[in-house]
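Data block below; observations after.
The values are calculated or read from the model by the stated rules, or taken from the named source; none is laboratory data. Keep in mind that this is a model prediction, so the values were computed, not measured. Positions of Cβ are backbone-derived with ideal geometry, glycine not excepted, and every protein chain shown enters the neighbour counts.
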Amino acid sequence: MAPLLNVSGLHAWYGESHVLHGVDLHVDQGEMICILGRNGMGKTTTLRTIMGLLRKRTGQITLGGQDLMTMPLHRTAHAGLGFVPEERGIFATLTVEENMMLPPVVASGGMELDEIYELFPNLKERRNSPGTKLSGGEQQMLAMARILRTGANCILLDEPTEGLAPVIIQRIGEVLIKLKSRGMTVVLVEQNFRFASKIADRFYLMDHGQMVAEFPVGDLPNRMEFLNKELGV
Amino acid sequence: MMTILGVPLQALLGQLLVGLINGSFYALLSLGLAVIFGLLRVINFAHGALYMLGAFTALLLLTHLGLGYWFALILAPLIVGVFGAVVERTMLSRLYKLDHLYGLLFTFGLALTIEGTFRYYFGASGQPYSVPSALQGGTNLGFMFLPIYRGWVVIASLVVCVGVWVLIEKTRLGAYLRAATENATLVQSFGINVPLLLTLTYALGAALAGLAGVLAAPIYQVSPLMGTNLIIIVFAVVVVGGMGSIMGAIVTGYMLGIAEGLTKVFYPEASNIVIFVIMAIVLILRPAGLFGKDA
C-alpha cells in the first residue's frame, strides 16, 4: 500500500537561509510517527513546510496521491491535512466555541461537537470564554479539538506537551491513543520521547535539516543510549 | 427662554443635533476604515474618495437613469463596493508583501486620481441633491425643530453601525474576519480563503463609505472634494477609538461629532480643532486609543 503522506527530497528556506536539506519521510494511513531531534534541527520547519506555511520549498509532498507542492495554502486543509501549531494558535478575540468552529469541515468523518465536548469536558464548561483565557493545557486541547472537528485524516502535531504539567501530558497521551484507535494518521514532533514512546509506531531522528535515523517503536530500548546522546538529555 | 451655562437651550440642542449628524458620518466612515485596517493593515486614504464616489453615484443614477434616492441607497453602496473589490483584487493585493507604507501611498494616490478625475469632469463646485419627498419637511419636537431627513440619517447610520458590529462580532463570517486579523496565515492553513476574505473586507469598507456618501448627498451637496476634508477628521476618530477597534470606531465617531457640536456652542473658535486636541490628549494618555487593546 502506498503511504498516505509521502515527502521526498524536501528542501526549504527561510529567506536566504537554507533550513531543510532533503527531508524524506512517509506515513501510512492510520500510523502515528514521531520526529525527534534537538532544538533548531528543523522539526517544526518540516511540519510548516508540509502544511505549506513555508512556501520557499522544493521537492515532493503528496497526500493520498494529491500533490501538495502546487496547492495554495487555503486548499491544503481541504486535501485532508490538519495542523496544530506549537504556539497553539488560539484566537483571543474568539470564544472557545468560535475557535472550535473556525476551521471549516473538509471531509466527513470528523468528530461532532458533542463528541468533542465529551472528550474535553473543560472546553464545554468554558465554551463562552475568550480562547486565550484558557490554561495552557486547555488551549492545547482546543487546538487539537478544532482540527478533529474538520474530518482531516492526517494531523501534524507540533510539540503538544511543551510546557505542560505531567497530568495534562498524560491526558493528551490518552486523547492521542483514542485518535489512533479511530484510524487517524498523525505526524508528531516531540522532544519528550518517553511520552512519544507510549503512542508512536515509528520514529525519525532529525539533525541539521535531514532525517538521520528511522526505527520502529520496538527498537527504542536498543537505541536509548544513542538517543540520549543525540538528544542531549 | 431656558438657558444652560448661559447658552439658550435651543442653540445647545441644535448643535447637539448637528454634532450627532456629523458623528453619524464619522462613525460610518471610521467603521469602514477600522474594518479595513484591522484585517488588511492598510490605512485607506482612499476612503474619502469612496465616500464622494457614493454621493456621485447617487447623483448620476438620478440624472442619467432617473433612479431616485431609495434606489441609490441600495445601488450606490453596491457599486462602490464592487469598485473597491476590483481595486483590491487588481492593485492593492499586490502590495501586501511589501511594507504597509506602500498600501498607504497607493490609496493616497488612488484618492488623488479619483478626485482629480471627478474634478475634471464635474468641476469643484457642489451640486445639489434633493431630499427624497418622503423625508422632506420637519417636525417640531417642542424644544426644537427637527428636519426629518437629519433624523433619518442618525437612525440609518446607527442601524448600519449596529448591523456591521453584529456581523463582525456574532457571525461565522465575522469570526473568520476576527481570527484572520489576529493570524491570517493560520486561518488560511485551516482552509479558509483568506485572499477572498481580504477582498470582501475592502469591499465592505468601501460600501460603507459609499453608503455614507449617499446619506450625505442631500445634506452637504455633491462635490468632488467632499471627502477630502472629512477624511482627516475621520482618521483622528480612528486614532482616538483605537486603530482597528470596531466598537471604538463607532462610539468615538458619535462622541467626537457631539464634542465638536458642543464646542460650537461654548467656544465656536475651537470647533474646528477640538477633535485634534482630543486626539493629541488621547495619544498622550492612552497611545493605543480609547478602545485599543494595548492600553
Failed condition for A:R223, given (1) touching a residue at least 40 places away in the same chain (Cβ under 8 Å); (2) more than 14 Å from A:T161 (Cα to Cα), with all others met? (1)
I'm trying to understand the selection: among the residues of the range A:36-73, which are basic (K, R) and within 14 Å of chain B (Cβ to nearest Cβ)? A:R48, A:R55, A:K56
Count of residues meeting criterion [crowded, with 21+ Cβ neighbours inside 10 Å, within 20 Å of A:M71 (Cβ to Cβ) and more than 8 Å from every other protein chain (Cβ to nearest Cβ)] in the range B:176-196: 1
Looking at A:N39 and the list (1) in contact (Cβ under 8 Å) with a residue 60 or more places away in the chain; (2) assigned to a strand (DSSP E or B); (3) not charged (D, E, K, R), which single condition is not satisfied? (2)
Count - residues of the range A:186-218 that are farther than 18 Å from A:T49 by Cα and among the hydroxyl-bearing types (S, T, Y): 1
Can you say whether A:A107 is closer than 30 Å to A:K133 by Cβ, of a type outside the set (F, W, Y) and exposed (fewer than 15 other Cβ atoms within 10 Å of the Cβ), as far as the supplied structure shows? no
In this structure, does A:T44 turn out to be surrounded by fewer than 23 Cβ atoms within 10 Å (Cβ to Cβ) and touching a residue at least 60 places away in the same chain (Cβ under 8 Å)? yes
Condition first: surrounded by 21 or more Cβ atoms within 10 Å (Cβ to Cβ), at pLDDT 90 or above and of a type in the set (D, E, K, R). Can you find one or more residues in the range A:111-126 that meet it? no
Go through (1) under 15 Å from A:I155 (Cα atoms); (2) surrounded by 23 or more Cβ atoms within 10 Å (Cβ to Cβ) and name the single condition A:L68 misses. (2)
Candidates A:V84, A:V23 - the one that is within 14 Å of chain B (Cβ to nearest Cβ) and crowded, with 21+ Cβ neighbours inside 10 Å: A:V84
Touching a residue at least 60 places away in the same chain (Cβ under 8 Å), among the acidic types (D, E) and more than 14 Å from chain B (Cβ to nearest Cβ), is that true of A:E31? yes
Matching residues, the range B:132-170, being among the aliphatic types (A, V, I, L, M) and over 20 Å from the mean Cα position of the chain (by Cα): B:A134, B:L135, B:L141, B:M144, B:L146, B:I148
Suppose we filter the range A:62-103 for residues that are over 18 Å from A:G136 (Cα atoms), free of Cβ contacts under 8 Å to residues at least 24 places away in the same chain and not aliphatic (A, V, I, L, M); how many remain? 6
Under the condition of being free of Cβ contacts under 8 Å to residues at least 40 places away in the same chain and assigned to a helix (DSSP H, G or I), which residue from the range B:163-175 is farthest from the other protein chains (Cβ to nearest Cβ)? B:G163
For the condition touching a Gly at 6+ places or on another chain (Cβ under 9 Å), closer than 23 Å to B:L196 by Cα and within 14 Å of chain B (Cβ to nearest Cβ), what is the one hit in A:V106, A:V96? A:V106
For the range A:114-132, give me each residue that is under 23 Å from the mean Cα position of the chain (by Cα) and touching a residue at least 24 places away in the same chain (Cβ under 8 Å). A:I116, A:L119, A:F120, A:L123, A:G131, A:T132
In the range B:146-162, what residues are touching a Leu at 6+ places or on another chain (Cβ under 9 Å), crowded, with 16+ Cβ neighbours inside 10 Å, assigned to a helix (DSSP H, G or I) and not polar (S, T, N, Q)? B:Y149, B:R150, B:G151, B:W152, B:V153, B:V154, B:A156, B:V160, B:C161
Of the residues in the range B:201-229 that are of a type in the set (A, V, I, L, M) and surrounded by fewer than 20 Cβ atoms within 10 Å (Cβ to Cβ), the one that is farthest from the other protein chains (Cβ to nearest Cβ) is B:L225
Selection status of A:T76, among the hydroxyl-bearing types (S, T, Y) and within 14 Å of another protein chain (Cβ to nearest Cβ): yes
Looking at (1) more than 18 Å from B:I36 (Cβ to Cβ); (2) not small (G, A, S); (3) not in a loop (DSSP other than H, G, I, E, B), find the lone condition where B:L67 falls short. (3)
Considering the range B:188-206 alone, what residues qualify as being within 24 Å of the chain's Cα centre (by Cα) and among the hydrophobic types (A, V, I, L, M, F, W, C)? B:L196, B:L197, B:L198, B:L200, B:A203, B:L204, B:A206
Answer from B:L61, B:L105, B:L75, B:L101 - the residue that is without any contact (Cβ under 8 Å) to a residue 40 or more places away in the chain, assigned to a helix (DSSP H, G or I) and surrounded by 19 or more Cβ atoms within 10 Å (Cβ to Cβ): B:L61
Only one of (1) out of contact with any helix residue (DSSP H, G or I) (no Cβ under 9 Å at 6 or more places or on another chain); (2) closer than 30 Å to B:Q10 by Cα is not met by B:Y120, so which one is it? (2)
Number of the condition not met by A:L156 [criteria: (1) within 15 Å of B:V187 (Cα to Cα); (2) more than 9 Å from chain B (Cβ to nearest Cβ); (3) touching a Phe, Trp or Tyr at 6+ places or on another chain (Cβ under 9 Å); (4) aliphatic (A, V, I, L, M)]: (1)
